[in-house]
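Heads up, the thing below is written out as structure tokens.
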Amino acid sequence: MKNEEPKIQELPERVVACVSFTGNYIGKPEIFADLFNKLGGWAGPKGLMSPETVYLSSYADDPKSTPSDELKLDVCMEISEDTDVEGDIQKKVLPGGKYVVMHTELTGAKEYGPAWEAIVQWAEKNSYDIDLSRPSYEIYMNNPEEHPQKHHILDICLSVK
């Protein structure tokens, strides 16, 4: 795991298409794969996927204080405001605002937990309170399957007050 020093950033709101899941997703990469496949199965035929498309996972709950079977996850892709959705695909607006943003490169799915712990510890050490009224999320910079060592390159965005 290679974490860069976190930074405070004002992030814009994002209009996304997403597939939602409620339950324990921690340590279960197959849930993410299934949700991304469902999202891609909808977006692909509509011509909405390109190398510039932003993909992310949005988390509404704090896993430390929410029962694991009640955790909410949205697997998302950024879309234009006029894009129509249907079926299991929902359109949402992820709010903008103040975030701690940490760029990281992970060697595998098992490193997501420690990376989140690192950004939360940084926020606490620097006297930032987590803003549970807004989701936190991961913005994916690559497809790990296309990386020579299967690394996951992403920005972790923790909403803070």
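The values are calculated or read from the model by the stated rules, or taken from the named source; none is laboratory data. All values derive from a computational prediction rather than experimental measurement. Backbone-built Cβ (ideal geometry, glycine too); neighbour counts: all protein chains shown. To get the accessible areas, we keep the full protein, side chains included, count just its heavy atoms, and leave off ligands, DNA and RNA. Shrake-Rupley method; radii C 1.70, N 1.55, O 1.52, S 1.80 Å.
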* **Members of segment 6-64 found to be at pLDDT below 95 and in contact with a Cys (Cβ under 8 Å, 6 or more places away or on another chain), listed by number** => none
* Structure fact -> The number of residues in segment 91-129 that are under 26 Å from VAL15 (Cβ atoms), open to solvent by 20 Å² or more (accessible area, probe 1.4 Å) and in contact with a Lys or Arg (Cβ under 8 Å, 6 or more places away or on another chain) is 4
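Select, from VAL19, VAL15, the only residue that is in a strand (DSSP E or B), open to solvent by less than 50 Å² (accessible area, probe 1.4 Å) and within 23 Å of MET102 (Cα to Cα).
Among VAL19, VAL15, only VAL15 is in a strand (DSSP E or B), open to solvent by less than 50 Å² (accessible area, probe 1.4 Å) and within 23 Å of MET102 (Cα to Cα).
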* Find all pairs meeting these conditions: Cβ atoms under 9 angstrom apart; at least six residues apart or on different chains; first residue within segment 36-48 and within 13 Å of VAL16 (Cβ to Cβ); second residue open to solvent by less than 40 Å² (accessible area, probe 1.4 Å) and assigned to a loop (DSSP other than H, G, I, E, B). => LEU39/ILE89; TRP42/ILE89; ALA43/THR53; ALA43/ILE79; ALA43/ILE89; LEU48/ILE79; LEU48/THR83
* To do: Only residues that are basic (Lys, Arg) and touching a residue at least 24 places away in the same chain (Cβ under 8 Å): list them for segment 105-155, please.
  => LYS110, ARG134, LYS150
* Which numbered condition trips up ASP74, out of (1) within 14 Å of the chain's Cα centre (by Cα); (2) within 20 Å of ASN24 (Cα to Cα); (3) open to solvent by 40 Å² or more (accessible area, probe 1.4 Å)? -> (3)
* Asked: Considering segment 130-140 alone, what residues qualify as being modelled with pLDDT of 95 or more and more than 18 Å from GLU10 (Cβ to Cβ)?
  -> GLU138, TYR140
* Filter result for ASP74 (in contact (Cβ under 8 Å) with a residue 12 or more places away in the chain, under 24 Å from GLU117 (Cα atoms), acidic (Asp, Glu) and touching a Ser or Thr at 6+ places or on another chain (Cβ under 8 Å)) -> yes
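When the residues of segment 32-51 are narrowed to those that are in contact with a strand residue (DSSP E or B) (Cβ under 9 Å, 6 or more places away or on another chain) and outside any helix (DSSP H, G or I), which ends up nearest to PRO144 (Cα to Cα)?
So, considering only residues that are in contact with a strand residue (DSSP E or B) (Cβ under 9 Å, 6 or more places away or on another chain) and outside any helix (DSSP H, G or I), the one nearest to PRO144 (Cα to Cα) is MET49.
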